[in-house]
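Heads up: the structure comes next, in structure tokens.
The values are calculated or read from the model by the stated rules, or taken from the named source; none is laboratory data. Note that the coordinates shown come from a computational prediction; the quantities given were computed from them, not determined experimentally. Neighbour counts are summed over all protein chains in view; Cβ atoms, including those assigned to glycine, are modelled from backbone coordinates with ideal geometry. Side chains included, ligands, DNA and RNA excluded: accessible areas come from the protein's heavy atoms. Shrake-Rupley method; radii C 1.70, N 1.55, O 1.52, S 1.80 Å.
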Amino acid sequence: MTETTSRIAANVRAELARAGVSVTELAPRINMTTMALHRRLAATTEFRASELFDVATELQVEMTTIYPPIPHAIAAGDSSAPKRKAS
């Protein structure tokens, strides 16, 4: 998976720890199996945007807390910024 996928997974794991919520507690609250949530937290499967929204809602954090910031050069439209690889 991508670096972004790994960073998102790490951020969700950190927020789970801060909230004192286990994977087995969170999974049913976001309509996901425990195994599916484990795969996302291991960064072997990407979170969908709607899933991240559900996680943020349940953990009472802003989406920006779990989604890594967009590098300034890319956000500003800098043409010299690294290009995203085609899938």
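Kindly indicate the residue of the range 63-76 that is open to solvent by 60 Å² or more (accessible area, probe 1.4 Å) and either at pLDDT 95 or above or over 14 Å from the mean Cα position of the chain (by Cα) (or both) and also farthest from Glu25 (Cα to Cα) among those meeting that condition.
Ala76
Yes/no per residue for (1) assigned to a helix (DSSP H, G or I); (2) modelled with pLDDT of 95 or more:
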| residue | (1), (2) |
| --- | --- |
| Thr5 | yes, no |
| Val21 | no, yes |
| Met35 | yes, yes |
| Asp54 | yes, yes |
| Glu58 | yes, yes |
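Quickly run through the range 23-42 and pick out the residues that are of a type in the set (Val, Ile, Thr) and farther than 16 Å from Val61 by Cβ.
Hits for the range 23-42 are Val23, Thr24, Thr33, Thr34.
Output the qualifying pairs, or none if there are none: Cβ atoms under 7 angstrom, residues six or more apart or on different chains, first residue in the range 22-35 and of a type in the set (Gly, Ala, Ser), second residue assigned to a helix (DSSP H, G or I) and at pLDDT below 95.
none
Tell me, which residue of the range 37-52 that is exposed (fewer than 13 other Cβ atoms within 10 Å of the Cβ) and part of a helix (DSSP H, G or I) is farthest from the chain's Cα centre (by Cα)?
Per the stated criteria, the residue is Ser50.
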